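As structure tokens, the structure follows; a few thoughts come after it.
The values are calculated or read from the model by the stated rules, or taken from the named source; none is laboratory data. Everything quoted here is computed from the prediction, not taken from an experiment. Glycine gets a Cβ as well: all are built from the backbone with ideal geometry, and neighbour counts include every protein chain shown. Note: areas computed on protein heavy atoms with side chains; ligands, DNA, RNA excluded. Shrake-Rupley method; radii C 1.70, N 1.55, O 1.52, S 1.80 Å.
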Amino acid sequence: MKWNEKYSIRLSKVCVALFALTVAALALTAPWVVDWFVKFSRAMLLGREHFLLVSIYAAVPPALAVLWLLWQLLGNLQKGRVFIPQNAAYLRGVSWCCIAAAGICLASGLYYLPFLLVAVLAGFMALIVRVVKNVFEQAIILQDDADYTI
Amino acid sequence: MGIVVNLDVMMAKRKITAGELADRVGITPANLSILKNNKAKAVRFSTLAALCRALDCQPADLLEYEPDPE
């Protein structure tokens, strides 16, 4: 099997699906995961299990939204629709979801400091995706010019 | 307005259909329609040359400049 862009997009879709299953599983088993994490980790989270649960449940919607947007984006790439305004909108959505996740982690830093690091990483990811979105928007203009050059 | 493409006039003078002209020029009927309806953003010199050859005319017969309304 010769590797190409078609297989690469398929692999990306598989990864998105696996992530979605993981997020869904975490959402369903969060109370037990939190119990296990608090008991077996060295994190000083005893008595703060409820806060951790709230952080996890608050982060699930933006996480699922990111995965849905990525799935739609990959679907468009599979159809050969690359530089279209819809894909730029999907990337904008991903960026905003990362900002939402950063906000949740920032608030969670009030009871568990390492969340602040995750907040910074999520914010950085939002910035990277935003710049990629800007690049896409310029590419859409170039594509439009190319399409209407006879 | 900018540059206006007056293909219809020359096509009528030479009595040639859109499909036939597209075929002679080597572009799709859809692209010819984009040109005719002034939706094109740019025209390649090779396309312009092919149009002039097919319609036996000069570029000035096909292209006209109209200043933007103030």
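Based on Cα atoms of region A:5-147, Rg over Rh with Rh as the Kirkwood radius reads 1.07.
Distance between the pseudo-spin-label points of A:ILE128 and B:ASP68 (7 Å out from Cα toward the beta carbon): 4.0 nm. With a Cα cut-off of under 30 Å and a minimum spacing of 8 residues unless on different chains, the lysine pairs in the protein assembly as shown number 18. Under 5 Å from the amide H of B:LEU63 lie the amide H atoms of B:ASN6, each residue being 5 or more positions distant or on a separate chain, with H modelled from the backbone and absent for Pro and chain starts.
In this simple spin-label approximation, B:THR28 and A:ALA58 carry label points 7 Å from Cα along the Cα→Cβ vector, and these lie 5.0 nm apart. Using θ = phi - 60° in the Karplus curve 6.51 cos²θ - 1.76 cosθ + 1.60, the 3J(HN,Hα) couplings for region A:82-91 round to 9, 8, 10, x, 4, 5, 5, 5, 4, 5 Hz; x is entered for Gly and Pro.
For B:ALA42, neighbours were defined as the other residues whose beta-carbon sits under 13 Å from its Cβ, and their charges (Lys and Arg +1, Asp and Glu -1) total 0.
Give me the one-decimal Kirkwood hydrodynamic radius in Å for chain B, with the sum taken over alpha-carbon pairs. Intermediate results must be reported in sequence, preceding the final value.
On the way: mean 1/r = 0.0815 Å⁻¹.
Radius from the Kirkwood sum: 12.3 Å.
In whole angstrom, note down how far apart the Cα centers of region B:33-68 and region A:83-143 are. Taking the Cα centre of region A:83-143 as reference, the centre of region B:33-68 is 45 Å away. Going by accessible surface with a 1.4 Å probe and the largest first, A:TRP3, A:TRP32, A:TRP71 read A:TRP32, A:TRP3, A:TRP71. The residues packed around A:ILE99, meaning those with a beta-carbon under 14 Å from its beta-carbon, carry a net charge of +3 if Lys and Arg are +1 and Asp and Glu are -1.
Shown here for chain B: trypsin sites (Lys or Arg not before Pro) in loop regions (DSSP other than H, G, I, E, B) with at most 10 other Cβ atoms within 10 Å, namely B:LYS15.
Just flag the chymotrypsin sites (Phe, Trp or Tyr not before Pro) in region A:91-150 sitting in loop per DSSP whose Cβ has no more than 15 other Cβ atoms within 10 Å.
Numbers: sites: A:TRP96, A:TYR111, A:TYR112, A:PHE115, A:PHE124, A:PHE136, A:TYR148; in loops: A:TYR111, A:TYR112, A:TYR148.
Passing both the DSSP loop test and the Cβ count: A:TYR148.
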